[in-house]
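The values are calculated or read from the model by the stated rules, or taken from the named source; none is laboratory data. Being a predicted model, the structure only gives us computed values, none of them experimental. Note that we place each Cβ from the backbone using ideal geometry, even for glycine, and neighbour counts take in every protein chain shown.
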Amino acid sequence: MADKKRDMEITESLPFPACTLDSKGKITSASPHIGEVFLYDGIEGADIFALTGLKKEQLAEAAKNGSSNVIQRNERNFRVVPSFIDGESLAGGLAIYFMDVTEYEDLESRYEKEKMCIAIIMIDNYDELVSSTAKEDQAGLNSEIDKVLRFWASKMKASITKYRNNRYISMFERKYFEEQARSKFSVLDDIREIDTEADFPVTLSIGIGAGGESPEENDTFSQDALDVALGRGGDQVVVKDGNKITYYGGKTQTVEKGNKGKSRIIGHAMKRLIESASKVIIMGHSNPDMDSFGAALGIYRLAAPINKDTYILVNGFNEALDMMYNTASDTGNYNLINNKRLEELTGPGMLVVVVDTHRPSLTECPKLLDQADKVVVIDHHRKAEEAIMTPSLSYQEPYASSTSELVTEILEYTVDRKQLTTLEAEALLAGIMVDTNRFSVKTGVRTFEAAAWLKRAGADTGEVKKFFQTDRDTFLLRANCVARAEFTDDGMAFSICEGNNNNAQIINSQVADEMLTVRGVTASFVSGSDQNGRTVISARSLGEINVQVLMEQFGGGGHLTTAGAQVDIPPEEAIEKIKELLEKRK
């Protein structure tokens, strides 16, 4: 009774909403103004958690720490401030004060919504687009692009300035950015609808900087975001909001560039880096495939005549690379090393060339990147959030069929074709063939030009075909996996390879390619366990579904039509998760 009287004395004279609680979290008294918070009468005896969503333990902890919480009731915002009545524990009861902070919360919300975002907009493949358009129609094309972009900016009340033929900069308030995110930046679709004389659509790469402490920081964020968008092949919006990166779009296949000038520049820059290095170490991704190893042999050919201390780092490989690796090893012409030997070689002036990946965690030896004096990256995969930071030289072109294609073009400008050995030419050609599924996917004019150059350098397609031969058990396993495939009415195909297989990565990809040849199938997904019990996923599509975006949600990546991932969940569960993600797209 004494506590009840005490609690009433606390609350009855207060000129703002308040109440008191007992040790069980029940309300014992309330001030006359409590109706400003709760619309109903008679709250004495009610549970504070039922009224506010805050547990008595949370309130006691807040009282102890001097902190508070904000709740929304009666269309107002109230800061809930607890205080111990007797002692420093819940046993003595709590006094709860409700401070109306609606105006402050509204002001903070308005401040956040009015923060400035910066967008850098780039028209993808502008030079190729203009060159494919008749001179008398070029002004009209530019006008149509400009019209779409300015209409988009007007909907956000944004400023927009064209500062190059193919670039714009725009500034707008954050509240409009959130609206655009909900519509998944429909400007990407609007710009694609412009009629052109080219055999590819107009697409945009947009980098948006938000959440920075200053306009200068947002400008840096937008530049970083644009670099990522371009590294991922364009036709997308990348938002860098503080440390968070979000992707939108990426629906179309990357358009091949007609000009090989960049290959020549990269090739000569690489020669200068190699000449100034004390030693060169070439490495691809762990568990290398033919593209990774073929590209490494190509770079070795570039480096070896310049610097004798050149090495290729390979720690292990599956059966699919057996013949190529053993042939290279048997020649004695290549310094093939593993991580144990690597410890003897590290030192000042070391140049590391990374091929067929740009993600440190996927390389043969991630710590080698920190020990290197300079790093070169050559890759054809779309840029991921995890990437090698500030390489001395980067040649990352998602339009390319393979890293072997990029390396072949570099060799065209830096070495005499006669210097290339037959093995090197055949390894590079095999690398191109494996990533294009024998020239059936992601193949452009430059892909065939690179293959023709390798053919003239001595590559024998009959010998290359031997690299792709498998043993009888692998053939039967692959056939069984195809036979057990599940096909859905909406054009999806799924399969699971049984058991743990040393060649899970190559088998899964071959099965996924095979299922895509079935009439009506637009995307295929295969999962199976490797020799270590880790689940390997291969995904393929005809372009209607961006499998790269799907695989990125499993920590993997790749291209719009070809992607993969490795996960620590059972193959069956991986397929079920893929189905759930596909269902959400509908």
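Here are a few things to note about the model shown:
- Taken together, the residues in region 338-361 that are of a type in the set (A, V, I, L, M, F, W, C) and surrounded by fewer than 18 Cβ atoms within 10 Å (Cβ to Cβ) amount to 1.
- Considering 458, 491, the condition of being over 30 Å from the mean Cα position of the chain (by Cα) and either surrounded by 15 or more Cβ atoms within 10 Å (Cβ to Cβ) or modelled with pLDDT of 90 or more (or both) is satisfied by 458 alone.
- Number of the exception - residue 517 against (1) free of Cβ contacts under 8 Å to residues at least 24 places away in the same chain; (2) part of a loop (DSSP other than H, G, I, E, B); (3) in the same structural domain as residue 416 (by TED's automatic domain parsing): (3)
- Candidates 10, 34, 43, filtered to the one that is surrounded by 13 or more Cβ atoms within 10 Å (Cβ to Cβ), in a loop (DSSP other than H, G, I, E, B) and either of a type in the set (Val, Ile, Thr) or on the phi > 0 side of the Ramachandran plot (or both): 43
- Close pairs (8 angstrom Cβ cut-off, 6 or more residues apart or separate chains): closer than 10 Å to residue 334 by Cα and modelled with pLDDT of 90 or more in region 300-311, of a type in the set (S, T, N, Q) and surrounded by fewer than 22 Cβ atoms within 10 Å (Cβ to Cβ) anywhere: 301/419; 301/421; 310/335; 311/335
- Selection within region 545-566: residues that are touching a residue at least 24 places away in the same chain (Cβ under 8 Å) and in a loop (DSSP other than H, G, I, E, B). The member of this set that is surrounded by the most Cβ atoms within 10 Å (Cβ to Cβ) is 559.
- Filter result for residue 405 (over 22 Å from residue 264 (Cα atoms) and assigned to a helix (DSSP H, G or I)): no
Residue-wise test of (1) more than 25 Å from the chain's Cα centre (by Cα); (2) more than 30 Å from residue 36 (Cα to Cα).
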residue: 107; (1), (2): yes, no
residue: 118; (1), (2): no, yes
residue: 125; (1), (2): no, yes
residue: 142; (1), (2): yes, yes
residue: 158; (1), (2): yes, yes
residue: 195; (1), (2): yes, yes
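- Screening region 162-195 for residues that are in a loop (DSSP other than H, G, I, E, B) and of a type in the set (D, E, K, R) and picking the one that is surrounded by the most Cβ atoms within 10 Å (Cβ to Cβ) gives 184.
- Only residues that are assigned to a helix (DSSP H, G or I), without any contact (Cβ under 8 Å) to a residue 60 or more places away in the chain and surrounded by fewer than 17 Cβ atoms within 10 Å (Cβ to Cβ) were counted in region 318-337, giving 4.
- Scanning region 351-361 turns up no residue that is assigned to a loop (DSSP other than H, G, I, E, B), over 14 Å from residue 284 (Cβ atoms) and assigned by TED's automatic domain parsing to the domain that holds residue 424.
- Criterion (modelled with pLDDT under 95, over 18 Å from the mean Cα position of the chain (by Cα) and not hydroxyl-bearing (Ser, Thr, Tyr)) met by exactly one of 419, 396: 419
- Restricted to region 57-137, the set of strands (runs of 3 or more DSSP E) holding at least 2 residues that are over 30 Å from residue 4 (Cβ atoms) comprises 116-123.
- Taken over region 145-161, the criterion of being under 17 Å from residue 202 (Cβ atoms) and buried (at least 16 other Cβ atoms within 10 Å of the Cβ) is satisfied by 145, 148, 149, 152, 153, 160.
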